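The structure is given below, and queries will be raised subsequently.
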Amino acid sequence: MIKSNSGIRKTDVINRRMFLIGAAKVVVLIGIIARLFSLQINENKKYLTLSDKNRIREWRLPPTRGNIVDYFGNVIAGNLKVYQLHIIPEQVENFNYLLVRLKNLLNLSDKKIAKITKLKSELKPWDSIIVSENLSWSQFVKINNYLYDLVGVKPVMTISRNYPFGDVYTHVLGYVSQPNEQEILDNQIIQERFVPGMKIGKLGLEKRLENHLIGTNAIQRYEVNAYGKRINQLEHQKGVQGSQIRLTLDTEIQKACGQLLNEKAGSISVMDIYTGDIVAMYSSPSYDPNLFLFGISQDEWQLIRNNPLKPLINKTLSGLYSPGSTIKPIVALSALENNVIDTKFKVKCTGKMELYGQTFHCWKEKGHGWVSLKNAMKQSCDTYFYEVARLLGVDRLNITAEKFGLGKKVLGEYFDNEKKGLFPNTKWKKNNLGRGWVLGETLITGIGQGFIQSTPLQLCMMTAQIANGGYAIKPKIIVDSNPISYEDAKQSMESGLLFDTDSENLLDKKLFKEKKNIQIIQEAMFASTNERFGTSYKSRIDDPKYQFAGKTGTAQVKRISKRERELDLELEQIPYKDRDHALYIAYGPYVNPRYALSIIIEHGGSGSKAAAPIAKKLFKLIIDRHELRNKQSNFERITV
Amino acid sequence: MFQHNRLNNEITLFQKIKNLDYILLIAVILLSVISVFVMYSTDGGEILFHTKNHFVKLAVFFPLMILVAFFNIKFWHNFSYIIYLVVILLLIYVSFFGIKSSGSQRWMDLYLFVLQPSELMKVAVILCLAKYYHRLKIENVNSFTSITIVLSIILIPIIFVISQPDLGTSILIGLSGLIILWLGGVKIKYFVYSFITFLISLPFIISFLKPYQKLRILTFLDPDRDPLGAGYQIIQSKIAIGSGGFDGKGFLKGTQSYLDFLPEKHTDFIFTLFSEEFGFIGSVGLLILYSIIIFRIVRIGSISRSNFARLFCFGYAFAIFIYIVVNLSMVLGLLPIVGSPLPIMSYGGSSMLATMIGFGIVLSAKINHKQMIA
């Protein structure tokens, strides 16, 4: 009985204690369910996102750049399909063996091999390494033949920039290449869209318009496992190609400029005198931008860099030249406007002019005799302009010259490398050189020498503004979304109204006081080209359709010593570096003019011999192309 | 009393089958079926190694459970100490000749399969202590001698298991043993005192832990400390469970496990995969299924006439509960990671063998619930 009693008591204890545990169990179970609830219901979104982050990985592809086209819609910077060779490290069985094989197949340099090895250690194993960016067809075939032996190698077809006209547009477009770290950091958009293998604009419009041209990445989403291996593709999001940019340039004229300047250092600019459209802008010598796409070889780079004619410099915008006699129309205009002279004003040229013991020479040693404005312009008499400049003074001259665009950037917003040049005045000298202006300096400024510096494009714009009757234009290289026709431009110009929508600050379009003065200058320039004894008479075209007016210029690059003057050497006898720059500015057709141009041949000798004949050849083409250009712009206005 | 014994001894096979607890049986079968499907999912929706082996083990151990049930509870009572001693011997054998794997020595090769004796000890310790308290007079429960003896029964296997090293299993053995002490009537104040002592000595205990065990505790406290290293398992487990949401990602659609983000998905983290694919609803359903099993075991204990059967059932019910709680708390990030399988669900023969033997003894207690044991 005792035993049984003890058994019952024990049972009671066990039951009581079991009850306590049962209660505890329920509490713990509720706790677990609460935890489940908080993870799966309350924080579901958070963990769902984390789970997707785990399993979904995006691969972004390089964006496709927008095309750049010329005025007629010809692609001048486009995209080409190219074959690349990629290595995917995680798929490679034996990396060193693979490198040896590729080295033999593609003739890779040791440097390149070292670069690939370095990349491999930096990138994730599933990121592809680009071995070759542009396989030739024979290389591509070779690789495909041996593909069974090249585990982890993937030939890829991709899109690359291409410049179909080679060196014709180099200085305008620039080129694209792999960005460096700083370039990626500096541009937010590049930073966002950067993927290995992507190229960005390094120079010119390619750089300037990067944000328009760049386009958006195509995105491929893959489901990956815990080791980063792609399991399957979830979606492919197409990228948007960058915007197309249309330039005002004409490829035919641009090409012709290249041929005319072949093997010479120099520049040609052609401009529509009413709309300001730049029709051609060529700097010589040029180089092939396609060389830079896949990394230029050291040899080719040295060849370009060390060329004495300096192909890397965009002479049209960054080349600073003394305008020489091409400044004379502005000097004459300024004197007329300020009533310093009139058409009857005459100066006797004896070949030189003495002032305070200094001798100022005219280019013609024997002198021109008594010359009026028209004859002085025609024969480019220096003595006449010494005298006019003396009477006018540099400060009044400076005002007129700056009105016509000298000393200011022409296309400043588009090109980093554009120079603004210099047109001096007394204040400038005092502030910058700390010395007072000397009258002798006024005289040589009057013939475009001395401190004065200008870019070929400035001279072109100056000529255009004389040609259109003395109205300000805003040069442009990119076609607006709403282009203005030349008739409208001309009409509004002559009525004194604003025609350029985006330059509201340029209210005063009129650059002259008296219209008559502009006409006098135009007539003088006509005489210089089309009348006997004119400096560019030999380069004239008699057919009124092509007839043009112009002004030669010969800019000294160094002071001519007395001895040299007496020697009167032929061009070939002077060292290249010491030869004068040859310049020519012109516009045409003379009746109802449309285009202005400026030509500079570095160390080309005299303007009349070296530069003016080029204008003769070019003008025919420019005028012939005019019909087409006009048709194109009319067609667009109708379709818009 | 004599008559009773004779009466019960005459239970026929038919009566034995009739007296099985069918609710418990059905719940175990249901759990087994679920576990096969989940294993199928861990194999990526194919019948591969884990699915096959898991199924084979179930097919062997489920009949074994019935076999165990057909032995009289008295038999299990009589052999309790011997079973305990045999398992202790196995532990000793393992500590000398066991198979080493990933830094610990827990297994012995039985040609057909690899046995982990520490898993068997989880049941054996309950069996042994149940018998001890069954035989102990209530007056002597709190005597110095008896407490020394029961503590030795618990600590001897723990020492072997901890030196394997296997912290998880030794904790589970310890907790299973302590619950019998509690049920047996050891004074509550002893539990309170020893708990306080444990808390005070915790820093010393931690200093004896192996570096990887310390790391696990640190990781538990802050899983983001080393997200790709030690914290990886727990972070990925929480992501999987959390992303399951209310109704789960669907069978075979758990991306976390399918794409190999889940570690140990066959064994300790099997619940994570289940929860990712079947969501909150599925998880709660699974917990309810487990609760039914536990409740049935408690119920069988409470109708048992002998205190041995009662103690074993209550103790075993608690042990199952503890396994589940420790495993779930671990995968839910509530406890540091200690290796502890989820009964029946996790892949692993020894754990399943022990669990099935336990269920078998419980069923034996049900069949013979009127059996008195002297």
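State the number of residues belonging to the stretch B:349-374 that are surrounded by fewer than 24 Cβ atoms within 10 Å (Cβ to Cβ) and either part of a loop (DSSP other than H, G, I, E, B) or of a type in the set (Phe, Trp, Tyr) (or both).
Total satisfying the criteria: 6.
Does the stretch B:124-180 hold any residues that are of a type in the set (Gly, Ala, Ser) and out of contact with any helix residue (DSSP H, G or I) (no Cβ under 9 Å at 6 or more places or on another chain), and which are they?
Answer for the stretch B:124-180, where residues must be of a type in the set (Gly, Ala, Ser) and out of contact with any helix residue (DSSP H, G or I) (no Cβ under 9 Å at 6 or more places or on another chain): B:SER143, B:SER152.
If you go through the stretch B:257-279, how many residues are over 16 Å from A:LYS45 (Cβ atoms), within 27 Å of the chain's Cα centre (by Cα) and part of a helix (DSSP H, G or I)?
Number of matching residues: 9.
Assuming B:PHE280 fulfils every condition listed in (1) within 12 Å of chain A (Cβ to nearest Cβ); (2) touching a residue at least 40 places away in the same chain (Cβ under 8 Å); (3) closer than 19 Å to B:LYS238 by Cβ apart from one, which condition is it?
For B:PHE280, the failing item is (2).
Then there is this: Restricting to the stretch A:167-197, name every residue that is touching a Phe, Trp or Tyr at 6+ places or on another chain (Cβ under 8 Å) and assigned to a loop (DSSP other than H, G, I, E, B).
Within the stretch A:167-197, A:TYR175, A:PRO179 qualify.
A:PRO164: surrounded by 19 or more Cβ atoms within 10 Å (Cβ to Cβ), at pLDDT 85 or above and in a loop (DSSP other than H, G, I, E, B), yes or no?
No; evaluated as a whole, the condition is false for this residue.
Kindly indicate whether any position in the stretch B:102-125 is assigned to a helix (DSSP H, G or I) and either more than 18 Å from B:SER80 (Cα to Cα) or within 14 Å of chain A (Cβ to nearest Cβ) (or both).
Checked against the condition, which is being assigned to a helix (DSSP H, G or I) and either more than 18 Å from B:SER80 (Cα to Cα) or within 14 Å of chain A (Cβ to nearest Cβ) (or both), the stretch B:102-125 yields no hits at all.
Report the residue count in the stretch B:233-264 for those that are touching a Gly at 6+ places or on another chain (Cβ under 6 Å) and free of Cβ contacts under 8 Å to residues at least 60 places away in the same chain.
Here the count works out to 5.
Considering only the stretch A:108-154, how many residues are more than 22 Å from A:GLN298 (Cα to Cα), within 34 Å of the chain's Cα centre (by Cα) and assigned to a strand (DSSP E or B)?
1
OK, next. Quick one: which residue in B:LEU328, B:LEU334, B:LEU259, B:LEU287 is surrounded by 22 or more Cβ atoms within 10 Å (Cβ to Cβ) and among the aliphatic types (A, V, I, L, M)?
Going through B:LEU328, B:LEU334, B:LEU259, B:LEU287 in turn, just one is surrounded by 22 or more Cβ atoms within 10 Å (Cβ to Cβ) and among the aliphatic types (A, V, I, L, M): B:LEU328.
Additional query: Out of A:GLU365, A:GLU354, report the one residue that is closer than 14 Å to A:ILE444 by Cα and exposed (fewer than 13 other Cβ atoms within 10 Å of the Cβ).
Residue meeting the stated conditions: A:GLU354.
Does A:ASP624 satisfy the condition of being closer than 25 Å to A:ASN468 by Cβ and assigned to a loop (DSSP other than H, G, I, E, B)?
no
Looking at (1) surrounded by fewer than 21 Cβ atoms within 10 Å (Cβ to Cβ); (2) in contact with an Asp or Glu (Cβ under 8 Å, 6 or more places away or on another chain), find the lone condition where A:THR455 falls short.
Every listed condition holds for A:THR455 apart from (1).
Can you tell me which residues in the stretch B:308-339 are free of Cβ contacts under 8 Å to residues at least 40 places away in the same chain and in contact with a Leu (Cβ under 7 Å, 6 or more places away or on another chain)?
Result: B:ILE324, B:SER329.
Among (1) surrounded by fewer than 18 Cβ atoms within 10 Å (Cβ to Cβ); (2) within 13 Å of chain A (Cβ to nearest Cβ), which single condition is B:SER194 missing?
Evaluating B:SER194 over (1) surrounded by fewer than 18 Cβ atoms within 10 Å (Cβ to Cβ); (2) within 13 Å of chain A (Cβ to nearest Cβ) leaves (2) as the failure.
Within the stretch A:33-47, is even one residue within 14 Å of chain B (Cβ to nearest Cβ), of a type in the set (Asp, Glu) and either part of a helix (DSSP H, G or I) or in contact with a His (Cβ under 7 Å, 6 or more places away or on another chain) (or both)?
Taking every residue of the stretch A:33-47 in turn, none turns out to be within 14 Å of chain B (Cβ to nearest Cβ), of a type in the set (Asp, Glu) and either part of a helix (DSSP H, G or I) or in contact with a His (Cβ under 7 Å, 6 or more places away or on another chain) (or both).
Which residues, taken from the stretch B:298-307, are in contact (Cβ under 8 Å) with a residue 60 or more places away in the chain and within 11 Å of chain A (Cβ to nearest Cβ)?
B:GLY301, B:SER304, B:ARG305, B:SER306, B:ASN307
Looking at A:ARG57, A:ARG17, which one is under 30 Å from A:LYS112 (Cα atoms), touching a Phe, Trp or Tyr at 6+ places or on another chain (Cβ under 8 Å), among the basic types (Lys, Arg) and within 14 Å of chain B (Cβ to nearest Cβ)?
A:ARG57
Considering B:GLY282, B:GLY358, B:GLY333, which residue is within 13 Å of the chain's Cα centre (by Cα) and not basic (Lys, Arg)?
B:GLY358
Of these, A:SER297, A:SER284, which one is free of Cβ contacts under 8 Å to residues at least 60 places away in the same chain, more than 17 Å from the chain's Cα centre (by Cα) and under 30 Å from A:GLU133 (Cα atoms)?
It is A:SER297.
Determine which single condition B:ILE294 fails, assuming it passes every other condition in (1) among the hydrophobic types (A, V, I, L, M, F, W, C); (2) in contact with a Lys or Arg (Cβ under 9 Å, 6 or more places away or on another chain); (3) more than 11 Å from chain A (Cβ to nearest Cβ); (4) surrounded by fewer than 24 Cβ atoms within 10 Å (Cβ to Cβ).
For B:ILE294, the failing item is (3).
Specify the residue that is nearest to the other protein chains (Cβ to nearest Cβ); the eligible residues are those in the stretch B:129-146 that are of a type in the set (Phe, Trp, Tyr) and within 25 Å of the chain's Cα centre (by Cα).
That would be B:TYR133.
Now for a different question. Can you run down the residue pairs with Cβ atoms below 9 Å, 6 or more apart or on separate chains, where the first is in the stretch A:202-217 and closer than 9 Å to A:GLY242 by Cβ and the partner is acidic (Asp, Glu)?
Sorted first by the residue in the stretch A:202-217, then by its partner, the pairs are A:LEU213/A:GLU206.
Name the residues in the stretch B:231-247 that are of a type in the set (Phe, Trp, Tyr) and within 7 Å of chain A (Cβ to nearest Cβ), would you?
Result: B:PHE246, single match.
The values are calculated or read from the model by the stated rules, or taken from the named source; none is laboratory data. Please read all numbers here as calculations on a predicted model, not as lab measurements. Note that each Cβ is placed from the backbone with ideal geometry, even for glycine, and that neighbours are counted across all protein chains shown.
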